[in-house]
């Protein structure tokens, strides 16, 4: 709807420039913001900022877990204890749980092995139980909050 308002603004101004389109976009953004109580969904800019926040949290957790894996690999004597642990999540719904499990699998040192059909429980294999488990639990809490901001 915002893009439609921006194009209409550009047509009414009879100028085919980016600046005219952008000013129409800002006008449309203001109109949608003031009329948001008439829409059933959340204001899309709020959801967009939540998605960007989730991406930045993932990048931060990716860097932290990569550093942890590099530390474990570069030790003179590799003393790791791989293992599997059970993780319970507060998320509900297939989309939320799938997103969390994919984000956890994409972080180095951990792999989601199985998700219980009820969806709130999963089994995760980590490279080193004492250190990686804590990192995965910390990442899970960060991801859960960010995913709930995006979906709810």
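The values are calculated or read from the model by the stated rules, or taken from the named source; none is laboratory data. This one's a predicted model, so the numbers in the text were calculated from it and none came from an experiment. Reconstructed Cβ throughout: ideal geometry from the backbone, glycine too, with neighbour counts over all protein chains shown.
Taken over the stretch 86-98, the residue count meeting the criterion of being touching a helix residue (DSSP H, G or I) at 6+ places or on another chain (Cβ under 9 Å) and loosely packed, with under 13 Cβ neighbours inside 10 Å is 2. Taken over the stretch 99-121, the criterion of being out of contact with any helix residue (DSSP H, G or I) (no Cβ under 6 Å at 6 or more places or on another chain), within 24 Å of residue 69 (Cα to Cα) and outside any strand (DSSP E or B) is satisfied by 101, 102, 104, 105, 106. When 54, 62 are checked against the criterion of being under 21 Å from residue 140 (Cα atoms), modelled with pLDDT of 90 or more and in contact with a helix residue (DSSP H, G or I) (Cβ under 6 Å, 6 or more places away or on another chain), 54 stands alone in meeting it. Taken together, the criteria exclude residue 91 from residues that are under 12 Å from the mean Cα position of the chain (by Cα) and modelled with pLDDT under 95. When you scan the stretch 122-130, do you find a residue that is part of a helix (DSSP H, G or I) and within 18 Å of residue 66 (Cα to Cα), even just one? The answer is yes; a qualifying residue exists. Flag set for residue 121, criterion: over 20 Å from residue 57 (Cβ atoms), in the same structural domain as residue 72 (by TED's automatic domain parsing) and either surrounded by 13 or more Cβ atoms within 10 Å (Cβ to Cβ) or touching a strand residue (DSSP E or B) at 6+ places or on another chain (Cβ under 7 Å) (or both). Residues in the stretch 16-37 that are at pLDDT below 85 and either surrounded by fewer than 13 Cβ atoms within 10 Å (Cβ to Cβ) or at positive phi (or both): 37 only.
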